[in-house]
Structures are given as structure tokens and as C-alpha cells.
Amino acid sequence: MDNIASNNGAVKEHRSRVDAEAGFEDLRYLSGFGNHFASEALKGALPDSQNSPLKCPYGLYAEQISGTAFTAPRKANQRSWFYRIKPSVTHEPFYPRQPLHEHLVGDFSNEKGCVTTPTQLRWKPVDISKARTDFIDGLFTICGAGSCFVRHGYAIHMYAANASMEDSAFANADGDFLIVPQQGRLWIKTEFGRLQVSPGEIVVLQLGFRYSIDLPDGPSRGYVLEVFSGHFQLPDLGPIGANGLALPHDFLTPVAWYEGGVYSGFKVVQKFGGALFEAKQNFSPFNVVAWRGNYAPFKYDLRKFCPFNAVLFDHGDPSINTVLTVPSERPGIAVVDFVIFPPRWLVSEHTFRPPYFHRNCMSEFMGLIYGLYEGKAEGFLPGGASLHSCMTPHGVDTLTYETVAAGDDLKPFRISGDSLAFMFESSLTPKITHWAFNSPHIDPDYYKCWIKLRSHFDQGTATVENDEN
């Protein structure tokens, strides 16, 4: 098997164990972010010198998938070429999937089905149904803004499932999925190859890709950020320099792998305009023997993030922990950022080290993968979520504030590797779905975590730092 990576990253493969062909736990990957890759499961399956020859090797079909317009600037243009046993067009007509999925939203410009509120919201972890539920049926929308019809905005979903997808594949024509597993591994088959994604990792499955998700650990739960506007990018590093944050070589893309043969009654479920449609075909869509291009799925281990922090005084803004971003047309303002709160040292002197009290022109959706979040001593649980919309006040809870403020001995402190929280932050104000707003898992007492914050104001005293100034 030959695999080549070029441009903007190392020519390198990763092997998780000795035998690369055994299964999902023994996969190889291509390393680099935004690279032009080439991979073939059969030697010689990639044509030489051109993309669409009259006759492809092994009698394969050539098929292109375009993630950007043909005329997008070359530095931003994304596309890949498949060399497959049968082309993806070989299917019966699409029909609305039955029963209808009533908990997905792709158009937030319509007032129906959504509410708005400036109140702080928090959800407890969602129960996983005991009825058979795969990834598609377990997906439900929490909030979002914009519309997939005008290709601008985002949606935030969660999933709670207990069964693998069988004889079916999912494709999203509305946007890119960034999936954050919280409980249970995901074994993902794609047209490009296979990926294993565990809690503590993320995977990005872009617009149009067909994939199937198996749940080897049974009941599984997680978060999904869907973007209608463009694709995820690495953030600029500015004065940080050339290195730091998410390093390009830590992003992993699958190598070619294929399924041949006849699969009677195989179903392709396509998300289109926020609704689900279904078509039948007699072969697996994972029949790509070779591929090349720069439009491909990838995964990333969040534990490899290289954080930066304030080392003398004050608390850095959370933007310093941005892993991926989708920029808007306004410089410095994102449609959405994916930010994490990883293990790191806190060393600032005479500083309130947890996150400060804040009102933000951006809207912040937070989730907790495992452990405890530094800003909430209680109530914010793994698998749960919170939403602080545009200019909604938020900050650490009463217990955290009183505990930290009472301490005088500010020794360096390391946030444990047993804790990992994240944030989806957007410049667009979200609307909340009715089922999320009225969910039995919403925490009606969330506001109480701040209500007992008391006044410490004393006009006759001042801190040492103020006296020095």
C-alpha cells in the first residue's frame, strides 16, 4: 500500500499497533493539516499524470468531490479525486426518510420551532435510550444560527446512541460536522478509509462525505458542531510565532481502504436542508480503492494541544486555546471557534486564576468531556452543556469564587489531565430548539450558582496592589 503526503506537513504514516490491517484499533493514518494526500489500497490504483483518464487502473471509475467552488482561490480550493469500483451516482431516487426525524434543525431563520432567551442555560447529561438507536436517530439539535440554505451559520447538536449503523451510510449536504465524543469510541468508515475516534479526540467529517459510525463500546454520547459557512481552519498564531496550539502534524487522515461486492438494500441517508432523505443502492459506498486530494476527513487528539498562558499576572482570554476556527468575512471575527480548556499550569501572581466574570459579544456553548471544569465546582457534569448567549453575564460559581478568593498562598497549580472541557464560540446569536429549551435535562436552578455571591466591598480598605499603584 502506497501513501504519500505533500505540502504543509510531514511525509509520514502513523501506526497505532504492529499489524496495520487487523481492525479499527490497528489503523494507519496520514499526518498533516490541509495537505495534498495520495493513498491507494492496491498498488498502481492511482493513475499517472492525470485525474480522469479514459481508462483508470483496475477498471475503476474516476469521481471528484469538490468542497469549494471550482473558482475558489487556489490556496483555499479543496477537492479530492476518488478511484472507485462504482460511482456514487448509482442509486435509486431519494425519498424523505420515514419515520421523520423531528429533532434536527438546519434553518434558524424560521421562527418556528425555536426560542430565544438571554438567560444562562445549563443541561444535565442526556439519558441514552434503551431502544435501538444509531448515530443518525440519536442526533438532536440544541441551538444554532443562520441557515444551511444560504450557507451561512452553524448548528450545535448532541447525540445519544446505543447501536451501530447497519447497511447504511450518512452524508451531510448542509455542512461540516465536528464530532466530540464524550462516552464511547466511534469506529467510522468513510470513502477515504477508516478512523477510530475516542473520547479526548475529535473528528471532522466535511460536507458531502459518506460515512458509517459503529459503536464498539455500546452506549455512546457526544457533541456535534455543524458549520454551514466554509470549512475549519487552523487559527493564525500572530505573535505566538510559528509553533504552538494545535500542531499541523498531529492531525490524522485515513488511508485508502475499500469494500467490494454486492450489498443488497444498502441505504444512503442524506441530510439536505435540515431534513433526512434516503436512497437505496446495491453496493457499499466505501468502495474507493484509491484517492488523492486535500479535501478529506481528519481526527485530532486534544491531549496533544500545546497551550499558552499568562505567566506573570492576569488570566488570558479563552481565544488563546482555539484549536480550529471558521472565519467570517470580518477580520478577526469567527463564525465559530472550537476552543478547549486543557491540562496546564496556572502560575500568575496576585491573580484570580479561574475564568473571570464576563459579558461577551460572542455566544458561548460549553461541554465537558471528562473531569471537573475549573470554573464550576459543582453542577457541570461530563456529558452536560451550558449556553451563555451574546452579552449574557457568566463566570465562576459562588463556591469556586469564595474558595479561590480566600486563598493567600498562590503556588503554581496544575489543572489535572483528568479534566477536559471545550467551548463552541460564535459571533452569531443562537436560537434554541423547543425540545432543548423544554428538556427534562435542563437545570432550572442554574442561576442559583451565582445568586449567593455576596458583596465584599469595603470603602475603607484597599488591596496591597492598589496601594502600590
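Quick notes on this structure:
- Selection status of His249, within 25 Å of Pro331 (Cβ to Cβ) and modelled with pLDDT of 95 or more: no
- Out of Asp467, Asp397, one residue alone is open to solvent by less than 30 Å² (accessible area, probe 1.4 Å), among the charged types (D, E, K, R) and at pLDDT below 95. It is Asp397.
- In the stretch 355-373, of all residues being in a loop (DSSP other than H, G, I, E, B) and touching a Ser or Thr at 6+ places or on another chain (Cβ under 6 Å), the one that is modelled with the lowest pLDDT corresponds to Leu372.
- Hey, Asp214 touching a residue at least 40 places away in the same chain (Cβ under 8 Å), surrounded by fewer than 21 Cβ atoms within 10 Å (Cβ to Cβ) and acidic (Asp, Glu) or not: yes
- Scanning the stretch 110-139 for residues that are open to solvent by 80 Å² or more (accessible area, probe 1.4 Å) and more than 17 Å from Ala385 (Cβ to Cβ) returns Glu111, Lys112, Thr116, Pro118, Lys130, Arg132.
- Flag if His350 is at positive phi and in contact with a helix residue (DSSP H, G or I) (Cβ under 9 Å, 6 or more places away or on another chain): yes
- Residue selected from the stretch 282-309 under the condition open to solvent by 10 Å² or more (accessible area, probe 1.4 Å) and among the polar types (S, T, N, Q), by the criterion farthest from the chain's Cα centre (by Cα): Asn282
- Residue, most open to solvent (accessible area, probe 1.4 Å), within the stretch 400-422, restricted to residues that are outside any loop (DSSP other than H, G, I, E, B) and of a type in the set (A, V, I, L, M, F, W, C): Phe413
- Here is the figure for the stretch 232-252: residues that are assigned to a loop (DSSP other than H, G, I, E, B) and either of a type in the set (Lys, Arg) or open to solvent by 60 Å² or more (accessible area, probe 1.4 Å) (or both) total 3.
- Members of the stretch 29-58 that are farther than 26 Å from Phe232 by Cα, surrounded by 14 or more Cβ atoms within 10 Å (Cβ to Cβ) and touching a helix residue (DSSP H, G or I) at 6+ places or on another chain (Cβ under 8 Å): Leu42, Ala45, Leu46, Pro47
- Any chance Gly184 is out of contact with any Ser or Thr (no Cβ under 6 Å at 6 or more places or on another chain) and either over 26 Å from Ser264 (Cβ atoms) or of a type in the set (Ser, Thr, Tyr) (or both): no
- Among the residues making up the stretch 217-231, those that are part of a strand (DSSP E or B) and surrounded by fewer than 24 Cβ atoms within 10 Å (Cβ to Cβ) are Arg221, Val224.
- Within the stretch 191-205, the set of residues being surrounded by fewer than 22 Cβ atoms within 10 Å (Cβ to Cβ) and either over 24 Å from Pro382 (Cα atoms) or over 17 Å from the mean Cα position of the chain (by Cα) (or both) comprises just one member, Arg194.
- Selection of first residues in the stretch 345-372 that are touching a residue at least 24 places away in the same chain (Cβ under 8 Å) and of second residues that are open to solvent by 70 Å² or more (accessible area, probe 1.4 Å) and among the hydroxyl-bearing types (Ser, Thr, Tyr), restricted to Cβ pairs under 6 Å at least 6 apart or on distinct chains, gives the following pairs, ordered by first then second residue: Ser363/Thr429.
- Single match in Ala5, Ala45, Ala41, Ala62 (criterion: closer than 24 Å to Asp176 by Cα, in contact with a strand residue (DSSP E or B) (Cβ under 8 Å, 6 or more places away or on another chain) and modelled with pLDDT of 95 or more): Ala62
- Top-ranked residue in the stretch 64-100 [being of a type in the set (Phe, Trp, Tyr) and in a loop (DSSP other than H, G, I, E, B); ranked as most open to solvent (accessible area, probe 1.4 Å)]: Phe70
- Picking from residues in the stretch 23-44 that are within 16 Å of Arg292 (Cβ to Cβ), of a type outside the set (Lys, Arg) and in a loop (DSSP other than H, G, I, E, B), the one that is farthest from the chain's Cα centre (by Cα) is Gly44.
- Test: residue in the stretch 278-298 that is touching a Gly at 6+ places or on another chain (Cβ under 9 Å), in contact (Cβ under 8 Å) with a residue 24 or more places away in the chain and basic (Lys, Arg): yes
The values are calculated or read from the model by the stated rules, or taken from the named source; none is laboratory data. Quick caveat: nothing in here was measured; it's all calculated off a predicted structure. Note that we place each Cβ from the backbone using ideal geometry, even for glycine, and neighbour counts take in every protein chain shown. Protein only, heavy atoms only, side chains kept; ligands, DNA and RNA dropped before computing areas. Shrake-Rupley method; radii C 1.70, N 1.55, O 1.52, S 1.80 Å.
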